[in-house]
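Following: one structure in structure tokens, then a few remarks.
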Amino acid sequence: MTVVAAAILMASLGAIIWFSATLPKLEQFDEPIRALELMVERSMDAREGLSRSPFWQQQIAQWTLPSAEKERLQAIEWYQELVQTSEDPLAKLQLAILQGESGQEAHALAASREWRALPPPMPLYGEWIETAYGRHVIDRDRTLELQASLAETLPAGWFYNRLASRLAQRTNDQVLLSTIDRQIQSQGRRLQERSNRIFSVELACLLLGSIVLVQAIFVRSRQADVMRLHVPGVPPPWPGRIGTAVLLRGGALGAVITTAFLTFPSGEQTSLRALAIPLANLPLLALAYVHLLRPAGLDFWSGFGLRIERAQLGRLIGAALAAIAAGLWGEWIIGCAIDWWGINSHWTEWFDANLVWTSGSMLAVSLLEYVVFAPIFEEIAFRGLLYAILRRRLSFAPAALLSASVFALAHGYGLIGFISVLWSGFLWAWVYEKTGSLIPGMIAHSMNNLLVCLTVMALLR
């Protein structure tokens, strides 16, 4: 049975890796044009807001965000990919606007000339682009007609504002330019205010956690196990062979249940969605209790360090803050490294329709999954069981790297996402090693997911 379970689990992991590597990213969305339009518009609006923010915020952004030029070039690459798979005229127009606003007017004008021979609305779109970004003498009356048609056709947003602003500049329409500028300022200010709130939380966690990290390093030379919260911790007291069987069998049953949930047409049934993660992990928890914890005289609380005395709350908070701060520092270093190497992530990797478009009830379920269920059950599975079992045979570093690699592969992300999750998994294995409790890793995991969710919602919802 264990061999069969291992085959099922390996097949599930292989399917995740296979689909992640071979399935075109755009096929993962029902409305990729709408999704990309929203993401690019909000990103450009946020950049406009940042350009009007205080100097110190702009300086911080230079250290933590890609340049405005790189963002626009990246958006152009995404739209070029989109227009190759879609005949939607709006996507072609938006690509031309991006090119025109990024110093690539020649490309935008070349495309607009080809649109003259195409069915409507492409000739009109081409005339907008040629009038906005061309250098020829314009017909003022015709340009005013184009402005009117633009206002009736394009929805409000960054693409409309940039194209309308270009047309207004051609006719020297100061009233329209002032109106557009106020719209840009309002949207940018709103997004900047949202970002500032999230940044304040991240900065507080980073500063407090860094202090704890420095103290832990300083005290380590004088006091062993300064972060210890629970014993036994790792390595666990149960046999590695039985632990491996439990992990494989429970994981296989969980994979089967997850597949059943994915194939069932749940739609907007929030109650069914809310049960998916707990039910998928129930077999693993039951097998772990029956075959590992109970024979060792443990329960879930004592087996995974989930019972913390009141006197240890301060140490628990400190350990969690240290893990959060280390995670933020690691993400910053990873971001700098991939920026230096010129590696880009695909926009589909962090666009989550469940956080952007769904109803309030489905949004609540998604947050419950990401911020509560995932940290609890993934920490038990990947750190409490997988890492702990590996730790019986291996030293910390290889055990942490192996468990974190499986953890990252199971998420099915691209290269940058894989590296980010790998670092998180390694870090949470480290905090489990140091404290003997899964709770600090659960808190750090939950905070990491919460910050990601809040960032997506603040920008796109």
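Only the coordinates and a few stated rules stand behind these numbers; no lab work does. Computed from a predicted structure; not experimentally measured. All Cβ positions, even for glycine, are placed from backbone atoms using ideal geometry, and neighbour counts span all protein chains on display.
Is the range 238-374 rounded, prolate or oblate when judged by the Cα gyration tensor, a ≥ b ≥ c being the square roots of its eigenvalues, rounded requiring a/c under 1.5 and prolate requiring a/b larger than b/c?
On the way: a/c = 1.69, a/b = 1.16, b/c = 1.46.
Oblate shape, in that a/c is at least 1.5 and b/c is the bigger or equal ratio.
Peptides 429-436, 228-235: what's the order by average Cβ count within 10 Å, highest mean first?
429-436, 228-235
Given Cβ point charges of +1 (Lys, Arg) and -1 (Asp, Glu) and nothing else, what value in debye, to the nearest 20, does the dipole of the chain about its Cα centre take? Intermediate results must be reported in sequence, preceding the final value.
Working: 37 positive and 38 negative charges, 390 e Å.
Rounded to the nearest 20 debye, it is 1880 debye.
Calculate how steeply helix 313-341 sits against the longest principal axis of the alpha-carbon atoms of the chain, using the helix alpha-carbon long axis, and give the answer as 0 to 90 degrees to the nearest 10.
The angle comes out at about 40 degrees.
Can you tell me how the range 13-84 classifies by the Cα gyration tensor, rounded, prolate or oblate, using a/c under 1.5 as the rounded cut? Write down the numbers at each step before the final one.
On the way: a/c = 2.93, a/b = 1.97, b/c = 1.49.
Note, shape of the range 13-84 comes out prolate.
Would you mind listing how long the range 197-460 runs along its three principal axes, going by Cα atoms, in whole Å with the largest first?
50, 41, 38
Going highest first, how would you order 12-20, 244-252 by mean Cβ packing within 10 Å?
Values: 12-20: 14.3, 244-252: 22.3.
By packing density, highest mean first, the sequence is 244-252, 12-20.
Which number do you get for Rg(Cα) / (2.2 N^0.38 Å) in the range 157-308? Walk me through the numbers on the way to the answer.
On the way: Rg = 27.8 Å, N = 152, 2.2 N^0.38 = 14.8 Å.
For the range 157-308, the normalised Cα radius of gyration is 1.88.
For the range 96-223, what number results from the quotient of the Cα radius of gyration and 2.2 N^0.38 Å?
In units of the globular-protein estimate, the range 96-223 measures up at 1.72.
Tell me, what is the percent relative contact order of the chain, built from C-alpha pairs under 8 Å that lie six or more residues apart? Walk me through the intermediate numbers first.
Numbers: 508 pairs, mean separation 98.6, N = 461.
Computed over the chain, the figure is 21 percent.
If I take every Cα pair under 8 Å that is 6 or more residues apart in the range 1-98, average their sequence separation and divide by the length, what percent do I get for the relative contact order?
22
For K92, which lysines qualify as cross-link partners when the Cα separation must be under 26 Å and same-chain residues fewer than eight apart are set aside?
Here the lysines satisfying the reach criterion relative to K92 are K25, K70.
What is the dipole size for the range 279-397, taken about its Cα centre, with +1 at each Lys and Arg Cβ and -1 at each Asp and Glu Cβ, in debye to the nearest 20? Walk me through the intermediate numbers first.
Details: 8 positive and 9 negative charges, 146 e Å.
The dipole of the range 279-397 has a size of about 700 debye.
Provide T64, T258 in ascending order of the number of other Cβ atoms located within 10 Å of each residue's Cβ, fewest first.
Details: T64 13, T258 16.
If I rank by nearby Cβ atoms, fewest first, I get T64, T258.
Would you mind counting up the charge near F300? Only other residues with Cβ under 15 Å from its Cβ, with Lys and Arg at +1 and Asp and Glu at -1. Write down the numbers at each step before the final one.
On the way: positive: R294, R307, R383; negative: D299, E379.
Local charge sum for F300: +1.
Using Cβ contacts closer than 10 Å as the measure, can you line up H136, H346 from fewest to most? Before the final figure, lay out each step's value.
On the way: H136 7, H346 19.
In increasing order of surrounding Cβ atoms, one gets H136, H346.
Given the options G412, W18, A429, identify the residue whose Cα lies farthest towards the positive end of the charge dipole of the chain (+1 on Cβ of Lys, Arg; -1 on Cβ of Asp, Glu).
So the residue we want is A429.
Suppose we keep just the alpha-carbon trace of the range 301-422; what are its Rg and Dmax in angstrom?
Answer for the range 301-422, Rg first and Dmax second: 17.1, 48 Å.
Please give the FRET efficiency for L13 paired with D141, using the beta carbon to beta carbon distance and R0 = 45 Å, rounded to the nearest 0.05.
Numbers: r = 64 Å, r/R0 = 1.43.
Calculated transfer efficiency: 0.10.
What list of ³J(HN,Hα) values in whole Hz, one per residue of the range 156-164 in order, does the Karplus curve 6.51 cos²θ - 1.76 cosθ + 1.60 (θ = phi - 60°) give from phi, with Gly and Pro shown as x?
Each residue of the range 156-164 in turn: 4, x, 4, 5, 5, 4, 5, 5, 5 Hz.
Excluding T143 itself, calculate the net charge of residues whose Cβ lies under 10 Å from the Cβ of T143, where each Lys or Arg counts +1 and each Asp or Glu counts -1. Don't skip to the end; give the middle numbers.
Working: positive: R140, R142, R170; negative: E127, D139, D141, E145, D173.
With Lys, Arg at +1 and Asp, Glu at -1, the net is -2.
Starting with the highest mean, order 27-39, 447-459 by the number of other Cβ atoms within 10 Å, averaged over the residues of each peptide. Please report the intermediate quantities before stating the final value.
Numbers: 27-39: 16.9, 447-459: 18.8.
Most protected by this proxy first, the peptides run 447-459, 27-39.
Rounded to a whole number of µm²/s, how large is the Stokes-Einstein D of the chain at 20 °C and 1.002 mPa s, given Rh as the Kirkwood radius over C-alpha pairs? All intermediate terms of the calculation are to be shown ahead of the outcome.
Working: Rh = 25.0 Å.
Calculated translational D: 86 µm²/s.
At 10 °C and 1.306 mPa s, grab the translational diffusion coefficient of the range 309-379 from Stokes-Einstein with a Kirkwood Rh over Cα pairs, rounded to a whole number in µm² per second.
On the way: Rh = 15.5 Å.
Result for D is 103 µm²/s.
Which three numbers, in whole Å and largest first, are the semi-axes of the equivalent ellipsoid of the range 23-172 derived from its Cα gyration tensor as √(5λ)?
26, 21, 13
Given charges of +1 on the Cβ of Lys and Arg and -1 on the Cβ of Asp and Glu, with all other atoms neutral, how large is the dipole of the range 79-216 about its Cα centre, in debye to the nearest 20? Let's see the in-between values first.
On the way: 14 positive and 16 negative charges, 79 e Å.
Computed charge dipole of the range 79-216: roughly 380 debye.
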